[in-house]
Every structure is written in structure tokens, then in C-alpha cells.
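Got a structure for you, questions after.
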Amino acid sequence: MSKKPSPLTAAAVLTALEGLALAGLGVYMLFVGLAGHPDSPQQAETGGVTLLALAALPLVAAHGLRKGRRWSRGPALITQLMALPVAWTLWSTGGAMTAAAVALALAAVAVVALLVNPTATEALGIGPADRAR
């Protein structure tokens, strides 16, 4: 097994962390909906299930990146493109959400930069050497 380039590994780790954060928030919302006293239990439960489903995309993409699978770059990039408007919304909310907005935006921009890095694209079989074949 060959060693994966560090940009690809870093992108996989950041993407996995995003997926785990979504899954954690989904579990929390589901728990609050089922065992807590939210204003709308149905909305909390639906939101929790939705976040758990959405967490699958970055988690599967991170697994693919870790394994060096070519297909994984698309879902990882889509995850980052979806994260940027979420970060903007969190930023607009202000208060305690500002830190989350900055962290999410920085992670999204970093993953995009890592995934377009030439060593990462070549490791995934997307580099210029692969187009010439």
C-alpha cells in the first residue's frame, strides 16, 4: 500500500470531522426531540434525522479520500460548497455562532485548496499525467 500524499490525508481528516460534527448535531437534535422538551418535537426529530442523512456524504467522501478513490473528490467538494452558505448564515446570526462560522468556512476553503493540490489530484488519478493516457 502506497503512502497517501499529505494534502489528501488532511482533506480526508477535515471532511471526516465535518461529517462527524453533522452526525453529532443530528444525534443531539434527535435525542432532544425524543427525550427533551423542544418547542416542536417533530421538527427536532426531523431535523436530527436529516442531519444524520446529510452526514453520510462527507463521511463516505472522507473514507474514499483516505483510500485514494477517484470518485471521492466530487462528494468532498460538494460538501465544501454546501458548507460555505451554512458558514455565511452562521456568521449572519452573530453571537456564539461566529466562531462556528469561521471554523466551518476555514475548513471548507482548506479542503477545497487541498483537493485541487496537484499531489492530491495525481494521487486520485485526476492529474495531467492521467489525462495523457
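Would it be correct to say that Ala113 is at pLDDT 95 or above, of a type outside the set (Ser, Thr, Tyr), within 12 Å of the chain's Cα centre (by Cα) and in a helix (DSSP H, G or I)?
Details: at pLDDT 95 or above: yes; of a type outside the set (Ser, Thr, Tyr): yes; within 12 Å of the chain's Cα centre (by Cα): no; in a helix (DSSP H, G or I): yes.
Spelling it out, it is not the case that Ala113 is at pLDDT 95 or above, of a type outside the set (Ser, Thr, Tyr), within 12 Å of the chain's Cα centre (by Cα) and in a helix (DSSP H, G or I).
Right, here's the next one. Give the number of residues within segment 29-53 that are in a helix (DSSP H, G or I) and either within 25 Å of Ala120 (Cα to Cα) or over 18 Å from the mean Cα position of the chain (by Cα) (or both).
Residues meeting the conditions: 13.
Still on this structure, I have one more. Identify, from the list Leu14, Leu54, the residue that is aliphatic (A, V, I, L, M) and open to solvent by 70 Å² or more (accessible area, probe 1.4 Å).
The match here is Leu54.
So in segment 52-105, with the set limited to residues that are touching a residue at least 60 places away in the same chain (Cβ under 8 Å) and touching a Lys or Arg at 6+ places or on another chain (Cβ under 8 Å), which one is nearest to Tyr28 (Cα to Cα)?
Applying the filter and picking the extreme gives Arg66.
Could you please find all residues in segment 36-74 being hydroxyl-bearing (Ser, Thr, Tyr) and either closer than 20 Å to Leu8 by Cα or touching a Ser or Thr at 6+ places or on another chain (Cβ under 8 Å) (or both)?
Ser72
Take Thr119 and decide whether it is in contact (Cβ under 8 Å) with a residue 24 or more places away in the chain and open to solvent by 40 Å² or more (accessible area, probe 1.4 Å). Walk me through it before giving the result.
Working: in contact (Cβ under 8 Å) with a residue 24 or more places away in the chain: yes; open to solvent by 40 Å² or more (accessible area, probe 1.4 Å): yes.
Yes, satisfied.
The values are calculated or read from the model by the stated rules, or taken from the named source; none is laboratory data. Nothing here was measured: the structure is a model prediction, and the numbers come from that model. Neighbour counts are summed over all protein chains in view; Cβ atoms, including those assigned to glycine, are modelled from backbone coordinates with ideal geometry. These accessible areas exclude ligands, DNA and RNA; they are computed on the full protein's heavy atoms, side chains included. Shrake-Rupley method; radii C 1.70, N 1.55, O 1.52, S 1.80 Å.
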